Amino acid sequence: MNIKELAKKLDLSITTVSRALGGYSDVSEKTRERVKKFANKYQYSPNPYASVLASGRTKTVGYVLPIYGTNASTLNQGNFFQFIAGMSDKLLSESIQLQILFAKSEDEEIKAYEKLILEQKIENIVLQNIKTKDKRIDLLNKYKINYVAWGKTKEGSNFSWVDLDNKKAIEKIVNYLIERKHKHISYINISEKYNFASERKNSFLKILKKNKITFNKNYYASVKLEEPEKSFEIIKNMLSRNKKITSIICSTEYSALSAIKACNYLNLKIGKDISIITFDGPLVRDLSTPPITAVSFPVKELGKKAINILLNRDKKQNKTYNFLAEVNIIDRGSVHNCK
């Protein structure tokens with residue numbers, strides 16, 4: 001069935017049917033649901049390519065997946081694909097395509113966004129790995145693209161974003177350790193140019209101060225995820241030189257694996273001699289030995305929420321929408337009680 005026949009059965013104009021299927025806010029919810037019900041009944045699906053040819057625009061959502069920096073290793077891509085799965089579930093229900101490009105460097109990433117915008121005429125984009133100063137934001141604003149980000153540049157960022165509550169996550173982690181009498185707490189972070197890493201460090205410093213625990217710079221390190229051997233060496237040397245350390249907070253599950261390796265090398269029994277706690281993901285949830293206590297957050301739900309925000313954003317009113325996911329700690333036995 002084509003759209004003309006569908007409109008005739010509904011006794012509506014072709015324009016109304018098209019806009020109802022497109023989710024436009026100028027069509028009432030009741031009419032949109034009625035049109036969708038008939039479209040499903042008669043197995044009508046709009047041809048996205050015909051739509052592009054007719055309007056010069058596409059309802060495809062663009063996404064550039066970086067395979068460098070925090071996402072250089074395939075071992076660290078689990079959360080990204082969960083996020084994409086969440087986006088895909090929502091897009092499938094809306095009959096909207098997802099166009100994914102890959103980038104091996106920052107320069108390639110900028111070119112990929114330009115290709116989505118200028119060549120493929122994509123007007124809806126999802127960003128990730130937000131930096132404290134992010135030139136991609138300037139690029140999307142320049143071309144007036146509708147976008148939502150997984151992460152933010154800073155509090156009060158003037159764009160729509162979804163994120164886990166990094167500040168409260170670290171607060172929960174440190175309080176969890178303090179309740180178990182830990183005072184010599186080390187922290188393994190990644191480059192603070194990524195805003196989530198900067199947020200986590202700042203929260204770590206604040207909660208230590210609040211609990212009157214002096215920050216020891218020798219207990220803190222920032223490593224690159226694309227250098228696992230270096231991460232292992234840094235953690236091993238930190239533990240060797242600072243015998244009082246009783247617990248390690250890892251900002252990513254990837255660095256948690258390096259921490260496990262370092263502890264095994266030094267014959268430190270995890271959950272007895274030393275504690276490790278990290279942010280959850282498929283590596284520590286399903287593969288690490290021993291299992292690692294972690295802060296869990298709904299990555300797939302973040303993907304769904306990002307698409308909801310992207311599709312419902314009202315450009316005319318220039319509104320931005322933000323969503324912070326709450327976290328909880330899953331105890332897997334890798335954190336011990338200090339004497």
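The values are calculated or read from the model by the stated rules, or taken from the named source; none is laboratory data. Only a predicted model underlies this, so the values are computations on that prediction, with no experimental measurement involved. With ideal geometry, Cβ positions are generated from the backbone for all residues, glycine too; neighbour counts draw on all protein chains shown. Please note that ligands, DNA and RNA were not included when accessible areas were found on the heavy atoms of the full protein model with its side chains. Shrake-Rupley method; radii C 1.70, N 1.55, O 1.52, S 1.80 Å.
Over segment 226-298, the fraction of Cα-Cα pairs per 10 Å bin, rounded to whole percents and listed from the shortest bin up, is 21, 57, 21, 1.
Using only side-chain charges placed at the Cβ, +1 for Lys and Arg and -1 for Asp and Glu, the dipole size of the chain relative to its Cα centre rounds to 860 debye. Would you work out if segment 195-320 is rounded, prolate or oblate? Take a ≥ b ≥ c from the square roots of the eigenvalues of the alpha-carbon gyration tensor; rounded if a/c is under 1.5, else prolate when a/b is larger than b/c, oblate otherwise. It comes out prolate by the Cα gyration axes.
Between residue 247 and 186, 275, the built amide H atoms are under 5 Å apart, and every one of these is 5 or more places off in sequence or on another chain. Each residue of segment 253-269 was assigned a 3J(HN,Hα) from its phi angle through the Karplus expression (A = 6.51, B = -1.76, C = 1.60, θ = phi - 60°), giving 5, 5, 5, 5, 5, 5, 5, 4, 4, 5, 5, 4, 4, 8, 6, 9, 7 Hz with x at Gly and Pro. Between the helical axis of 195-210 and the longest alpha-carbon principal axis of the chain there is an angle of about 40 degrees.
Where only DSSP H runs of four or more residues are counted, the chain gives -13000 deg cm²/dmol as its mean residue ellipticity at 222 nm, each run worth -39500 (n - 2.57).
Sorting 13-20, 167-174 by average packing, meaning the other beta carbons within 10 Å per residue, from highest down gives 167-174, 13-20. The alpha carbons of the chain give a radius of gyration and a Dmax of 23.5, 78 Å, in that order.
The 3J(HN,Hα) values that the Karplus relation (6.51, -1.76, 1.60; θ = phi - 60°) gives for segment 92-109 are, in residue order, 4, 5, 9, 6, 10, 7, 10, 9, 10, 10, 10, 9, 9, 7, 5, 5, 5, 5 Hz. Gly and Pro appear as x. Summed over the residues of the chain and divided among them, the accessible surface reaches 52 Å² per residue at a probe radius of 1.4 Å. Net charge dipole, segment 194-252: roughly 500 debye, given to the nearest 20, about the Cα centre with Cβ charges of +1 for Lys and Arg and -1 for Asp and Glu.
Distance between the C-alpha centres of segment 77-117 and segment 232-268: 34 Å, rounded to the whole angstrom. The amide H of residue 131, built 1.01 Å from its N in the peptide plane, has 195 as neighbours under 5 Å, considering only residues 5 or more places off or on other chains.
Quick one: pull the percent of accessible area on segment 113-248 belonging to carbon and sulfur, 1.4 Å probe, ligands and nucleic acids left out. Could the numbers behind the result be given before it?
Details: 3170 of 6630 Å².
Whole-percent figure for carbon plus sulfur exposure: 48.
Cross-link partners of residue 41 among lysines, defined as those whose alpha carbon lies under 29 angstrom from its own and excluding same-chain residues fewer than eight positions apart: 4, 8, 9, 30, 59, 90, 304, 305.
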